[in-house]
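Chemist: Just passing along the structure, written as structure tokens.
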Amino acid sequence: MNETIANLDDKTALYVLNTIARYELSADGKEETLTPEEQTALRNEFCPAGVEGGVTDGDLARAALQVLACEPKLATRIDDLARGPKPDQMAIDFVTGVVVVTLAIAVLKTGVSFKVDSTGKWSLKIDKEALSDELMKILIEKILSRFDSLSDD
């Protein structure tokens with residue numbers, strides 16, 4: 001599955017992530033975002049040396065799909081969509097920039113919870129045992145990189 005996702009072109013990766021997020025993840029109609037405190041907790045835990053720039057929307061979509069594929073039900077759905085008919089351009093034109101970051105955060109928040117202790121220090125807990133720490137780290141780095149690049153625009 002990892003190779004299938006890694007080989008998706010940007011357009012297909014964005015289409016698959018959008019489809020999975022729309023039909024498989026419950027966002028309750030609210031836009032997902034990370035507070036500055038949550039971003040700091042993620043940076044401190046996973047990226048203390050900073051993040052690489054140059055992450056594309058397609059890179060972020062593929063990282064989110066790798067995390068989702070840890071769940072067998074979603075892995076099957078991702079594989080079906082990845083191998084199915086290719087999306088037309090109209091289907092993915094809107095899945096760029098802020099939208100793909102929002103989708104990736106929705107994926108992240110299915111496996112991570114944030115806590116504040118009595119001193120006001122933020123921390124996070126990875127909730128899913130089956131989730132690969134390395135895949136989660138890659139997703140977090142790519143989300144933070146896209147946050148940085150979108151705030152520079």
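The values are calculated or read from the model by the stated rules, or taken from the named source; none is laboratory data. Since we're looking at a predicted model, the values are computed, not measured. So basically every Cβ, Gly included, is an ideal-geometry build from the backbone, and we count neighbours across all protein chains shown.
Chemist: Across the range 88-106, what is the number of residues that are touching a Phe, Trp or Tyr at 6+ places or on another chain (Cβ under 8 Å) and either modelled with pLDDT of 85 or more or not β-branched (Val, Ile, Thr) (or both)?
Modeler: 1
Chemist: If I go through the range 118-153 residue by residue, how many of them are assigned to a loop (DSSP other than H, G, I, E, B) and at pLDDT below 70?
Modeler: 7
Chemist: Looking at Lys73, Lys109, Lys115 in this structure, which one is farther than 22 Å from Glu3 by Cβ, charged (D, E, K, R), over 17 Å from the mean Cα position of the chain (by Cα) and modelled with pLDDT of 70 or more?
Modeler: Lys115
Chemist: Moving to a separate point now. Restricting to the range 1-53, give me the number of residues that are among the hydroxyl-bearing types (Ser, Thr, Tyr), surrounded by 11 or more Cβ atoms within 10 Å (Cβ to Cβ) and modelled with pLDDT of 75 or more.
Modeler: Count: 5.
Chemist: One residue is enough: does the range 79-87 have a residue meeting the conditions at pLDDT 75 or above, surrounded by fewer than 16 Cβ atoms within 10 Å (Cβ to Cβ) and not in a helix (DSSP H, G or I)?
Modeler: Yes, that holds for at least one residue.
Chemist: For the range 1-19, what are the residues that are within 13 Å of the chain's Cα centre (by Cα) and either of a type in the set (S, T, N, Q) or part of a loop (DSSP other than H, G, I, E, B) (or both)?
Modeler: Within the range 1-19, Asn18 is the sole residue that qualifies.
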